[in-house]
Amino acid sequence: MFVKQVHAKQFRNYSAADIAFSPGVNIILGRNGQGKTNLLEMLYFLSHAKSNRTSSDRELIMAEKEEALVSATVFSHLHQAETVVSATLSIANDRLKTRFKHHVNVLRSRSEVLGLLPSVSFFLPDLLLLRGAPADRRQWLDLLVSQYDKRHLNYCNTFQKIRQQKSMLLKQGMGSYAPDYLRTWNMQFTEAATVLTVSRLRGLSMVYPLIKSNHQTLSNGDENLELGYQSKWLPVDSDPQNSNNYGVRSGELLDEAVIKDILSAALESHLNLEMQRGVCLVGPHRDDIVFSLNTMLATAYASQGQQRTIVLALKLSEMALLRQKLMEPPVLLLDDVMAELDDERQRLLVNQLHPTSQVILTTTHPSQSWQAVLEDNVLVAQHVKTQDELAVFGVERGNVSAVVKAAV
């Protein structure tokens, strides 16, 4: 799958843009603050039905404007057909409305957008994933699963609504009500939380062997990476080296009925404490995905280079899993991350990409290390068969122009 063309109007700092991409490698050149990342954000928005940089769609509309449009023409290798996915953002009476379309058909929910433009993105904040908050790692897993299973986004949204309602009631003084009132809410909470947890565990169990394999390749077999699902309410893994993690390392997944019973018991045991404190103490909103490197907690003991290697393994594994599930490679979005990787990791990344993957990357300039990759034809050999499969664009103040193509 690859993006053939993008059209944008009044999106961020782009008053108007029409860009025809190559199916292979696309390099976006420009100084900082010119709009390179905004261009990738357009594609991310159409892929995930949300921005990776803000929770407010209003910020995507150009300053002092009341409407924005972005659309992408996407070609599927699997179906040998084109599709168009678009989004219109408009402000009327100080209210924002975001509407997604597939061709001319208005989509009823954002979950219907998922899968129309599957992508794997690698932005600079992703390099800090391991040292970020648990919510960042939960979001990483939820976004991955949602791209091949649209139901997962609905699971997330349903649970989030119930959790917010329960939290609001607790904060308003549910402690003054009878415990049975909280038990009624906990029944709905349990149903939504169980479905979400099972979906997460299944997704993690599928990407887990891919991450291990990719990390072995990236680290030349010198390091052993393990990961697990950490929760205060699920039983721990029987492996003492993984004592804080549930079920992923060994591949043991409890079924929905068992997890539901475990969560119900945990909520009952925390009933009085939740009422006293006025917060939700138990549930998947507090879970985490943890990584250990050579039996040591990676967030605490891994070097910066080791953490970047782990994140690189995650991204490559996302691509591999989506390729398996969707039967064609997703688009790879790289936002100025090549400069953050040393020469060896750059080469390993390039060599692990699927030959038919479309790559769209930004950079302030072809750095010496990046130029070396091009000169050695590592990237070109993987993706480019003709000159038309390698494109270079320049971005300045929200204006995109084609640059003379490099020789193949």
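Listed values, structure above:
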{"item": "Ser111 being in contact with an Asp or Glu (Cβ under 8 Å, 6 or more places away or on another chain), of a type outside the set (Phe, Trp, Tyr) and touching a residue at least 60 places away in the same chain (Cβ under 8 Å)", "result": "no"}
{"item": "Unmet criterion (only one of (1) open to solvent by less than 10 Å² (accessible area, probe 1.4 Å); (2) over 24 Å from Ser213 (Cβ atoms); (3) at pLDDT below 85) for Asn242", "result": "(2)"}
{"item": "Matching residues in the stretch 28-79 - criterion: being within 22 Å of Val104 (Cβ to Cβ) and either open to solvent by 20 Å² or more (accessible area, probe 1.4 Å) or aromatic (Phe, Trp, Tyr) (or both)", "result": "Phe45, Glu67, Leu69, Ser71, Thr73, Phe75, His79"}
{"item": "Unmet criterion (only one of (1) open to solvent by 10 Å² or more (accessible area, probe 1.4 Å); (2) assigned to a helix (DSSP H, G or I); (3) touching a Lys or Arg at 6+ places or on another chain (Cβ under 8 Å)) for Lys232", "result": "(2)"}
{"item": "Residue match in the stretch 254-264 (condition: modelled with pLDDT under 85 and under 30 Å from Ser167 (Cα atoms))", "result": "yes"}
{"item": "Residue, farthest from Ala16 (Cα to Cα), within the stretch 66-75, restricted to residues that are touching a Lys or Arg at 6+ places or on another chain (Cβ under 9 Å) and of a type outside the set (Val, Ile, Thr)", "result": "Phe75"}
{"item": "Residue ranges of helices (runs of 4 or more DSSP H) in the stretch 254-341 with at least 1 members touching a strand residue (DSSP E or B) at 6+ places or on another chain (Cβ under 7 Å)", "result": "298-301, 304-326"}
{"item": "Residues of the stretch 90-146 classified as under 27 Å from Thr363 (Cα atoms), part of a helix (DSSP H, G or I) and out of contact with any strand residue (DSSP E or B) (no Cβ under 8 Å at 6 or more places or on another chain), total", "result": "8"}
{"item": "Test: residue in the stretch 335-342 that is at pLDDT 75 or above, within 24 Å of the chain's Cα centre (by Cα), of a type in the set (Asp, Glu) and surrounded by 16 or more Cβ atoms within 10 Å (Cβ to Cβ)", "result": "yes"}
{"item": "The listed residue being small (Gly, Ala, Ser) and in contact with a His (Cβ under 9 Å, 6 or more places away or on another chain), out of Ala72, Ala92, Ala87", "result": "Ala72"}
{"item": "Single residue of the stretch 55-73 satisfying the filter (of a type in the set (S, T, N, Q) and modelled with pLDDT under 95) that is nearest to the chain's Cα centre (by Cα)", "result": "Ser55"}
{"item": "Test result for Leu153, modelled with pLDDT of 95 or more, in contact with a helix residue (DSSP H, G or I) (Cβ under 7 Å, 6 or more places away or on another chain), closer than 20 Å to Tyr44 by Cβ and open to solvent by less than 70 Å² (accessible area, probe 1.4 Å)", "result": "no"}
{"item": "Breaking point among (1) in contact with a Cys (Cβ under 6 Å, 6 or more places away or on another chain); (2) outside any helix (DSSP H, G or I), for Ser167", "result": "(2)"}
{"item": "Options Pro179, Pro209: the member that is over 18 Å from Ser317 (Cα atoms), surrounded by fewer than 20 Cβ atoms within 10 Å (Cβ to Cβ) and of a type outside the set (D, E, K, R)", "result": "Pro179"}
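The values are calculated or read from the model by the stated rules, or taken from the named source; none is laboratory data. Because the structure is a prediction, the values reported are computed rather than measured. All Cβ positions, even for glycine, are placed from backbone atoms using ideal geometry, and neighbour counts span all protein chains on display. Areas reflect the complete protein model, heavy atoms only, side chains present, ligands, DNA and RNA absent. Shrake-Rupley method; radii C 1.70, N 1.55, O 1.52, S 1.80 Å.
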